[in-house]
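For reference, the structure discussed in these notes is given below.
Throughout, read-outs are computed from the coordinates displayed, never taken from laboratory work. Predicted model, so just to flag it, every value in this text is computed and none were measured. Reconstructed Cβ throughout: ideal geometry from the backbone, glycine too, with neighbour counts over all protein chains shown.
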Ligand SMILES: [Zn+2]
């Protein structure tokens, strides 16, 4: 972290404040980590002292720091160590990367990694024989890029005692060869836990390195606050050590997983206890994560109408509706924020029902519950978000007609539903607060400027927008920026401190190399971050960006 002088002055910029009236300004003065002035170039002069650091922005765009309202910073281990299959686009490349890693790690007792893509394995997931050929002698476990499946070899299955006769666990699936009934090597959802004892967990120091790497990537992307959507005891320990060492350089808020097969009361007690222990301004755990269903590509999303490829099957919820109600009401009562993973339209509906029940039981309160993904939502359910004051947490990175649409959405959901994936504008028009996010490492790269463009075009980057996913759902630039700044702060109970550029707020600020309001929409994703400030401290500065008085 570079130490700035006490006062930092940004002048001659295009400052989009994202305050209530969405005011524009020219200059900002920062002192003691806070914004002390927002206004004109003339007005800022009186804040310039002999020891101030001053930057003339030449008209560049200044925004509040970006907020990623749903990500998995504590899940970046495989990007730093282990096997990363993220961004590879063929089985052949997977085989190469695995073979090279295995060759370099002959001493390891087991091998871990992640990032494979269901799109390369339509129908059944990848099979164990592919891995047996590469790793015959040790267990290997590779988690899919979306975190909902794991791919293992024969030795892993053997040591975990998973065979033909092993029943599927509740909420999970052991995929099997259709002829022999033998497990094929792909484990979905809760079945992933069956191999936990064979493949040991990551160490705290591996986790800390991963978080440090994440913070660097986030600072480069202009992100100053991230909601870690699934913390466990080990990742919390890693955060706490970094906190104690003074190495956290951005704000984190976090959610802790609730499990349907554990006693609800005990889980609530544990959450409350963690909440009271994690109180650092840069690391608080005030939310509970609930998986209501799985994912479309795993056939685990819970739908109102059957899947296109399985006419008698609509998926199942991970939490039954009654248990979901009981849990939601219990958490809501203790002011724990609920953060629901919801994909299918039936999952959306039972989640809304559960939150309606919680409100009836506990009364109206400032609970700011979050529903993320919102892959399929029945139009009549959208106004219920506003009524119940639920915040929508979409991933606009996914708003396009691409491989996913053609290879998974069309065959699994059929054309009508494929064309109504990921509503956005309807939510905004209904007055719902939408806080955008990446779901990193599901999405890499995770720069918000990419999602701002996709939210506006709903069409793939770099192409003339011919294929537009549900054109009516395109959002405005103003709304997309708000969804990545103020709304994200609000979704984390931080709108008094950050999320807009106003006097008295913490100086969480980003400077971009071009003004998003002056360029063609199709160029927004190419925008570079020049400067990122958290609490007035420089956490990232591009080499081209000049500061005087350094
Ligand atoms: Zn997620």
Region 111-195 - share of DSSP beta bridges that are antiparallel (%, nearest 5): 65
Helix 448-457: angle to the longest alpha-carbon principal axis of the chain, degrees 0 to 90, nearest 10? 80
Express as a percent, rounded to the nearest 5, the fraction of DSSP beta bridges in region 204-491 (both residues included) that run antiparallel. 10
Relative to the chain, whose Cα atoms define the longest principal axis, helix 91-104 and its Cα axis are tilted in degrees, nearest 10, by 90
How would you order 161-167, 239-245, 518-524 from highest to lowest mean count of nearby Cβ atoms within 10 Å? 239-245, 518-524, 161-167
Computed lengthening from residue 205 to residue 380, 0.36 nm per intervening residue step minus Cα-Cα distance: 58.2 nm
Pulled fully out, how much extra length does the chain show between residue 502 and residue 406, if you take 0.36 nm times their separation in residues and subtract their Cα-Cα distance? 30.1 nm
Degrees, to the nearest 10: 233-244 long Cα axis against longest axis of the chain: 20
Principal axis dimensions, largest first and in whole angstrom, of the chain by Cα: 79, 55, 52
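Can you say what percent of the DSSP beta bridges in the chain, counting only those with both residues inside, are antiparallel? Round to 5. Walk me through the numbers before you get to the answer.
Details: 38 of 79 bridges.
Around 50 percent antiparallel, to the nearest 5.
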Could you order the peptides 222-234, 312-324 from most to least packed, using the average number of other C-beta atoms within 10 Å per residue? 222-234, 312-324
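Between residue 466 and residue 80, what is 0.36 nm times their sequence separation minus the Cα-Cα distance? Round to one decimal in nm.
Residue separation times 0.36 nm, minus the Cα-Cα distance, leaves 135.2 nm.
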As a test of the definition: which semi-axes, in Å, follow for region 90-172 when you take the square root of five times each eigenvalue of its alpha carbon gyration tensor? Largest first, please. 21, 17, 11
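Using the per-residue mean of other Cβ atoms lying within 10 Å as a proxy for protection, in what order, highest first, do the peptides 63-73, 120-130, 381-391 fall? Can you show the working numbers first?
Numbers: 63-73: 27.9, 120-130: 16.5, 381-391: 18.6.
Ranked by mean Cβ neighbours within 10 Å, highest first: 63-73, 381-391, 120-130.
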Compute the FRET efficiency between residue 34 and residue 522 as 1/(1 + (r/R0)^6), taking r as their Cβ-Cβ distance and R0 = 35 Å, and round to the nearest 0.05. 0.40
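So what is the relative contact order of the chain, in percent, for Cα pairs below 8 Å that sit 6 or more residues apart?
Working: 1202 pairs, mean separation 102.2, N = 550.
Reported as a whole number, the value is 19 percent.
Using the Cα atoms of region 204-491 to build a convex hull, what is its mean projected area in square nanometres?
Working: hull surface 59.4 nm².
Value for region 204-491: 14.8 nm².
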